[in-house]
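Data first, discussion second: the structure below is written as structure tokens.
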Amino acid sequence: MNITVTLIAQMIAFVVMIWLVNKFLWAPLSAMMEARRQRIADGLSASERGKHELKLAEERAVQIIKEAKEKATEILAQANARSNEIIDEARNNAKAEADRILSGARAEIDREVERAKQELGKQVAELAIAGAERILKREVDAKAHEAALADLVARI
Amino acid sequence: MSAAENSGGGSVDYIQHHLTNWSVGEGFWTLNLDTLIVSLMLGALIVFAAMRVGRNLQVGAPSGFQNFVEMVLDFVDKQVKDSFGGKDNKLIAPLALTVLVWVWLMNFMDLIPVDLVPAILHGVGLEHFKLVPTTDINTTLAMAGVVFLLTVYYNIKVKGVVGYVKMFLFHPFGKFLIPVNIIMTAIEELAKPLSLGLRLFGNMFAGELVFLLIALLSGAATLGAALLIWFPLQVVLDLGWLLFHILIITLQAFIFMVLTIVYLGMAHASEDDH
């Protein structure tokens, strides 16, 4: 139990031990733990950033949807207006065409009526003349009724 | 029952036999080979384990032993940071870790049955073998001495030679009691490493002694009816002291580490902090 040279040997051993522990355990392990701390911090900040970006993206998406809706409404309104326009135009065109056809038909009818009238007049006259001829051949002296016949022919 | 073998010379011989180092040399130039071999083997074990852990460190998902080492390292680091605050010192933390692990392992040798290793080595022809290096005052005072030299070094490094001398002159009683101050501070500074080394030595030595006394219980009794009483008692007592000693060896290793940190932290305090 005396203090001997063992003390000095143990002191040297102790110093060497400190050096070895530092070299093989403390230095690599604390460096690794520092790296891990850094990595975790990076991961956390990245996730924070990701969250923030997600929020921004969501906001942007909402904005875009809103704009799209507005645009769709606008386009819908335009389309409605345009379709009304087209319908109106078609209706007007149809009306005009109908009027044109109607008036053409009316004119045709009028002409046909006129022609029929003339035809009828002519036939009536011919009939009258034929009838008159028959009557006159029997009873009327051509000479005596010459004046009347001439008058009749002239009138027709 | 190797105690029985030694009981020819009585209990005192048995105990003294167990407290004698395997040594070479005479007087001061005695080398306690058992102390050196056991402590160096334990040191080699630490370095080996450290190299194994240090070689493939997992940053992502550490497992098993690395977790344990990290836990110890974190614990030591916290102790150092608590004492040192912002002051950065690359040496203190590895030093504290070494103290904790090495002292704990050397103390742990105390838990190995007192007669086991000496009995085995007796068969090889070794007369004496003290297994626990921390029951050798040379070990504990060596570590305390290194800590003391470091405190002197850091005192001079932080305060300067003049500051260090001033500490002896004007502390603790001011400039009017310089002779008293010198004596007081010298005692204070020397008491630190002495108490540090002797505390560990004393605890471990006493623990070892209690183990030896417990081992003597049935060893002293002759074979016969008395053994039926003493043997169970020895088992119970041994188990009890063993469990209690687990606490002691851990506590002593922890105390040694904390005091090492505290003394070195005091050495780092500048003049204004006093």
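The values are calculated or read from the model by the stated rules, or taken from the named source; none is laboratory data. Just so it is clear, the model here is predicted, and its values are computed rather than measured. Here Cβ is always computed from backbone atoms with ideal geometry, including for glycine, and neighbour counts include all displayed protein chains.
When we screen A:Ile65, A:Ile12, A:Ile18, A:Ile87 for residues that are in a helix (DSSP H, G or I) and touching a Pro at 6+ places or on another chain (Cβ under 7 Å), the only hit is A:Ile18. Selection within the stretch B:124-138: residues that are part of a helix (DSSP H, G or I) and within 14 Å of another protein chain (Cβ to nearest Cβ). The member of this set that is nearest to the chain's Cα centre (by Cα) is B:Thr134.
Here is a yes/no grid of residues against (1) in a helix (DSSP H, G or I); (2) of a type in the set (Val, Ile, Thr); (3) touching a residue at least 24 places away in the same chain (Cβ under 8 Å); (4) more than 17 Å from B:Ala44 (Cβ to Cβ):
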| site | (1), (2), (3), (4) |
| --- | --- |
| B:Val103 | yes, yes, yes, no |
| B:Val117 | yes, yes, no, yes |
| B:His122 | yes, no, yes, yes |
| B:Thr140 | yes, yes, yes, yes |
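Looking at the stretch A:8-41, which of the residues that are of a type in the set (D, E, K, R) and at the interface with another protein chain (Cβ under 7 Å from one of its Cβ atoms) is farthest from B:Thr98 (Cα to Cα)? Top of the filtered list is A:Arg39.
Yes or no, residue by residue, for (1) touching a residue at least 60 places away in the same chain (Cβ under 8 Å); (2) of a type in the set (A, V, I, L, M); (3) within 24 Å of B:His268 (Cα to Cα):
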{"site": "B:Lys157", "(1), (2), (3)": "no, no, yes"}
{"site": "B:Val161", "(1), (2), (3)": "no, yes, yes"}
{"site": "B:Tyr164", "(1), (2), (3)": "no, no, yes"}
{"site": "B:Ile183", "(1), (2), (3)": "no, yes, yes"}
{"site": "B:Gly197", "(1), (2), (3)": "yes, no, yes"}
{"site": "B:His245", "(1), (2), (3)": "yes, no, no"}
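Listed by position, the helices (runs of 4 or more DSSP H) inside the stretch B:1-91 whose residues that are away from every other protein chain (no Cβ under 12 Å) and at pLDDT 80 or above number at least 1 are B:10-18, B:65-84. Of B:Ala215, B:Ala226, all but one fail to be without any contact (Cβ under 8 Å) to a residue 60 or more places away in the chain and in a helix (DSSP H, G or I); the exception is B:Ala226. Within the set B:Val99, B:Val72, B:Val59, the sole residue that is farther than 29 Å from B:Glu127 by Cβ, free of Cβ contacts under 8 Å to residues at least 60 places away in the same chain and within 19 Å of the chain's Cα centre (by Cα) turns out to be B:Val72.
Among the residues making up the stretch A:138-155, a single one is modelled with pLDDT of 70 or more, loosely packed, with under 10 Cβ neighbours inside 10 Å and farther than 22 Å from A:Lys122 by Cβ: A:Ala147.
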